[in-house]
Ligand code: NAD
């Protein structure tokens, strides 16, 4: 379905981003990966779908790096047809104790990076008359949780930015939507499981059950594969008129 298209997925060396990159590759899209840590493993996982893969190591907190990455993608594949703004980090602390440097990093990586990548991706999408911008927000773009002030602020910002981008392009073939996952068992969440296990003297399994029990009626983690399938749906012809939604996949978290 996506043969001939190019997808750039930020923060795709791990977790949800890698899951979405693989789902788009399975539909035939060429992929630009981004993120830190091991790059050879993720590149091989995506290349296994028989598509072209490139990697750029932009630090998504840096607008100049983002500009360099977008230029690199255009050089490699002509243009970016599908942009998935996914890179993100977390820090957990009460507002009065929240480290200023962590606040600034979360706002830059989880929110402002979506603005920078989107503003640079839009002109080519508009010229082509087709484009998909998918912002990986969170249930925390819709509701709050204690001790996650920067994250909740950034994700609410991403949901707002999604709506404005969708509206500005509403008469074109360019759509913009957000995905709002509940708990997904990635390294980002495993750190929170570990912190709970240490603080409360629990096993890894009991800490996971507690985490799910606090928020998620389904008592199940959403998977990167399920989120990848939703991203593919947004890219399908059925997604032509889905504009500005914040689509939760959260086991009932925000239905409560
Ligand atoms: P993860 O830690 O597995 O992956 C994060 C990715 O972002 C990695 O590839 C990492 O290298 C990259 N990254 C981090 N800082 C970066 C930077 N400065 N520049 C470039 N890349 C950077 O986490 P994940 O759970 O897969 O999270 C992906 C997205 O999904 C995030 O935006 C997160 O907020 C969101 N999300 C996660 C969950 C969850 O439960 N895991 C729930 C809702 C939303």
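The values are calculated or read from the model by the stated rules, or taken from the named source; none is laboratory data. All values reported here derive from a predicted model rather than from experimental measurement. We place every Cβ from the backbone using ideal geometry, glycine too, and count neighbours over all the protein chains shown.
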**Request:** Out of the residues in the stretch 125-136 that are more than 10 Å from the ligand (Cβ to nearest atom) and either in contact (Cβ under 8 Å) with a residue 60 or more places away in the chain or closer than 14 Å to residue 107 by Cα (or both), state the one that is farthest from the chain's Cα centre (by Cα).
**Result:** 132
**Prompt:** Being within 16 Å of the ligand (Cβ to nearest atom), under 15 Å from the mean Cα position of the chain (by Cα) and touching a residue at least 12 places away in the same chain (Cβ under 8 Å), is that true of even one residue in the stretch 60-78?
**Reply:** yes
**Fill in**
Going through (1) within 11 Å of the ligand (Cβ to nearest atom); (2) at pLDDT 95 or above; (3) surrounded by fewer than 20 Cβ atoms within 10 Å (Cβ to Cβ) one by one, residue 229 fails only at (1)
**Message:** Being more than 14 Å from the ligand (Cβ to nearest atom) and either at positive phi or not in a helix (DSSP H, G or I) (or both): is that true of residue 165 here?
**Reply:** no
**Entirely in the stretch 175-256, the helices (runs of 4 or more DSSP H) that have 3 or more residues that are free of Cβ contacts under 8 Å to residues at least 40 places away in the same chain** = 187-200, 204-215
**Request:** Go through the residues of the stretch 93-100 one by one and say whether even a single one is within 13 Å of the ligand (Cβ to nearest atom), surrounded by fewer than 16 Cβ atoms within 10 Å (Cβ to Cβ) and either over 18 Å from the mean Cα position of the chain (by Cα) or modelled with pLDDT under 95 (or both).
**Result:** no
**Prompt:** Is it fair to say residue 30 is farther than 20 Å from residue 179 by Cβ and surrounded by 15 or more Cβ atoms within 10 Å (Cβ to Cβ)?
**Reply:** yes
**Message:** Consider the stretch 137-156. How many of its residues are within 12 Å of the ligand (Cβ to nearest atom) and part of a helix (DSSP H, G or I)?
**Reply:** 8
